[in-house]
Amino acid sequence: MSAEMALFSIFVLSIFIGFEVVSKVSTTLHTPLMSGANAIHGVILVGAIMVADHSETTLELTLSVIAIVLATINMVGGFVVTDRMLEMFKGKKK
Amino acid sequence: MSRNIYDLLGLVAAVSFVLALKGLSSPRTARRGNLIGAFGATLATLIVFFYASEGSTLPLNNLPLILGAIAVGVLVGVPAARKVQMTAMPQLVALFNGVGGGAAALVAIVEYLRLGADASLAAVVATVFTVVVGCVSFSGSIVTFLKLQELMTTRPVVFAGGRFVIAGTLISVLVVSGWVIRDGGTTPLLVLGALSLVFGVLFVLPVGGADVPIVISLLNAFTGLTVAASGYVLDSVLLIVAGTLVGASGTILTRLMAAAMGRSLFGTLFGAFTAKAQESAGGTETRSVKSSSAEDVAILLNYARRVVIVPGFGLAVAQAQHTVRELADLLTAKGIDVAYGIHPVAGRMPGHMNVLLAEANVPYEQLVEMEEVNPTFAQTDVALIIGANDVVNPAAKTTPGCPIYGMPILEVAHAANVIFLKRSMRPGFAGIENELLFDPKTTLLFGDAKASLTQVVSALKAV
């Protein structure tokens, strides 16, 4: 399998995993689930760091630094706000 | 760090994301799921400092800038997430999603600038996809934020010829995409980014306030896919897996949400074009309503055997969760059967009201979901609606073409008495008049939800 085909296979298999994991969710959890998924795509931070590493021109560097700031806000803020929501769910179970 | 170790740790992070989504799907494991996701994201971020990409040297170039930018992001993101009022949380999630989309678009642009003519066709296509969808997600999310924050009108914004403008913008986006793919170059790519930003705004403007959560969820799925596409450009399996997971699960979640609200996804996004804009603010309403005092409300409640409380966003805004619990406790002590009827989209988003009431320690057993509470309204003496409107509006069943038509509602009209605690006669978030307000069995008590409830509580103690 070529490298590109391997990446494509990973992509397709991930789609099915994504479909499977959330197929049954009560409405109560829609908001936290969306918020948690939102935080996960914050890993674009990894991509932003990669491009910042090999940025050479000022333009590239500026854009990648902005990307890092935005991605960090997405990732860190996302997980913190999701945890705050879920903390309350835990409280009422007692 | 060798490539193999990097890839293995990356795989651990990817598996964490799968487990995180799995955990988040069940109430018992949700919090742990989120923490597993945070672990995976932290791991992924740490290891990239030891192996950024093929042939990169350690320490990373521009390391101080990278660390500084992360620090800035943390200093902005964490306080925002910790301090936000739970009522304003949906728009914060929208903003977080938007900046994520923006980041993905920027990453793709930078990588494209660097690769230049060396980029393979597949990489260019992935770049174009990331830039278009990332920019749409970014500007679209900002509009959803403005709508939810009520910084702009929450009604669908439809202007003359709007659909042609949108179609024109979409066609331009496609044409410029083709231009980038065929000829390449920085200028077309930046033009593409700008056009996509415009399209994002136009795409969200016609969506009515009540449907905004569905759009946020959809944009969330979009952002996931852009992350996957940029993962392809950067040859990062981790980004592909994480982005695709969010894209796929986000799509399912969007459909589930739309189903819970009784909306078709298509109708939500294009409803503003197909339906006639409903003019609900047609002149001043002159019909009479029965407004009454806290004492009368207290008496009605005192002689009821069963009371269903329907909390809405107005309750949350007034921070009246604790007062409503006090009222419920008082009624329970008098031997009255009390339940909360929770609409799936009470508040601003599916599940939002559950979060808000949980914050006030309302007993879990008293929260009854719509399907279970609806058949009981016929045996209910008083339906007490606090700061809710759209979720009990019969227009959803009786008026085809109105923006909430088809949404399942709490059928409070079957109760013997209906009491609305409202600030004013202003229509709800969806901007539609509620016929129930004029029903003879409806009593209105105007005022801030918390102030009204406090009065009712003291009146009830005096009865």
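Annotations
- B:Ser137 vs. criteria open to solvent by less than 20 Å² (accessible area, probe 1.4 Å), touching a Phe, Trp or Tyr at 6+ places or on another chain (Cβ under 6 Å) and either polar (S, T, N, Q) or touching a residue at least 12 places away in the same chain (Cβ under 8 Å) (or both): yes
Conditions (1) of a type in the set (A, V, I, L, M); (2) closer than 18 Å to B:Gly267 by Cα; (3) assigned to a helix (DSSP H, G or I); (4) not assigned by TED's automatic domain parsing to the domain that holds B:Gly101, marked per residue:
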| site | (1), (2), (3), (4) |
| --- | --- |
| B:Val176 | yes, no, yes, no |
| B:Val180 | yes, no, yes, no |
| B:Ala194 | yes, no, yes, no |
| B:Phe199 | no, no, yes, no |
| B:Val207 | yes, yes, no, no |
| B:Asp211 | no, yes, yes, no |
| B:Tyr232 | no, no, yes, no |
| B:Asp235 | no, no, no, no |
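- Selection status of B:Ser26, open to solvent by less than 70 Å² (accessible area, probe 1.4 Å), in a loop (DSSP other than H, G, I, E, B) and either over 19 Å from A:Pro32 (Cβ atoms) or modelled with pLDDT of 95 or more (or both): no
- All positions within segment B:140-159 that are open to solvent by 60 Å² or more (accessible area, probe 1.4 Å), modelled with pLDDT under 85 and among the hydrophobic types (A, V, I, L, M, F, W, C): B:Leu151, B:Val158, B:Phe159
- Neighbours by Cβ (under 6 Å, 6+ apart or cross-chain): first from segment B:251-268, more than 9 Å from every other protein chain (Cβ to nearest Cβ) and over 13 Å from B:Val212 (Cα atoms); second among the hydrophobic types (A, V, I, L, M, F, W, C) and open to solvent by less than 50 Å² (accessible area, probe 1.4 Å): B:Gly262/B:Met407
- Note on segment B:1-44: residues that are touching a residue at least 24 places away in the same chain (Cβ under 8 Å) and facing chain A (nearest Cβ under 7 Å) amount to 5.
- Matching option when the condition is at negative phi and modelled with pLDDT under 90, among B:Gly200, B:Gly224, B:Gly209: B:Gly209
- Of residues in segment B:91-117 being facing another protein chain (nearest Cβ under 7 Å) and not aliphatic (A, V, I, L, M), the one farthest from B:Val128 (Cα to Cα): B:Phe96
- Looking only at residues in segment B:427-452 that are within 28 Å of the chain's Cα centre (by Cα) and assigned to a helix (DSSP H, G or I), the one that is surrounded by the fewest Cβ atoms within 10 Å (Cβ to Cβ) is B:Glu435.
- Filter result (closer than 11 Å to B:Val124 by Cβ and touching a residue at least 60 places away in the same chain (Cβ under 8 Å)) within segment B:176-202: B:Ile181, B:Gly184, B:Leu189
- Test set (1) open to solvent by 10 Å² or more (accessible area, probe 1.4 Å); (2) in contact with a His (Cβ under 7 Å, 6 or more places away or on another chain) - B:Val175 fails condition number: (2)
- For first residues located in segment A:29-51 and over 16 Å from B:Gly347 (Cα atoms), partners that are charged (D, E, K, R) and lie 6+ apart or on another chain with Cβ distances below 6 Å form the pairs A:Val51/B:Glu111.
- Selected residue [under 21 Å from B:Leu245 (Cα atoms), of a type outside the set (D, E, K, R) and surrounded by fewer than 18 Cβ atoms within 10 Å (Cβ to Cβ)] from B:Leu21, B:Leu65, B:Leu11, B:Leu58: B:Leu11
- Residue in segment B:453-461 that is in contact with an Asp or Glu (Cβ under 8 Å, 6 or more places away or on another chain), free of Cβ contacts under 8 Å to residues at least 60 places away in the same chain, open to solvent by less than 10 Å² (accessible area, probe 1.4 Å) and farther than 23 Å from B:Gly351 by Cα present: no
- Count of residues meeting criterion [within 13 Å of the chain's Cα centre (by Cα), open to solvent by 10 Å² or more (accessible area, probe 1.4 Å) and either of a type in the set (Gly, Ala, Ser) or more than 30 Å from B:Ala346 (Cα to Cα) (or both)] in segment B:209-236: 1
- Extreme residue, nearest to the chain's Cα centre (by Cα), among residues of segment B:348-374 that are open to solvent by 20 Å² or more (accessible area, probe 1.4 Å) and within 16 Å of B:Gln85 (Cα to Cα): B:Arg348
- Only one of the numbered conditions (1) assigned by TED's automatic domain parsing to the domain that holds B:Leu234; (2) more than 25 Å from B:Val345 (Cβ to Cβ) is not met by B:Phe96, and that is (2).
The values are calculated or read from the model by the stated rules, or taken from the named source; none is laboratory data. Predicted model only: the values in this text are computed from it and were never measured. Positions of Cβ are generated from backbone atoms using ideal geometry, with glycine treated the same way; all protein chains shown enter the neighbour counts. Side chains included, ligands, DNA and RNA excluded: accessible areas come from the protein's heavy atoms. Shrake-Rupley method; radii C 1.70, N 1.55, O 1.52, S 1.80 Å.
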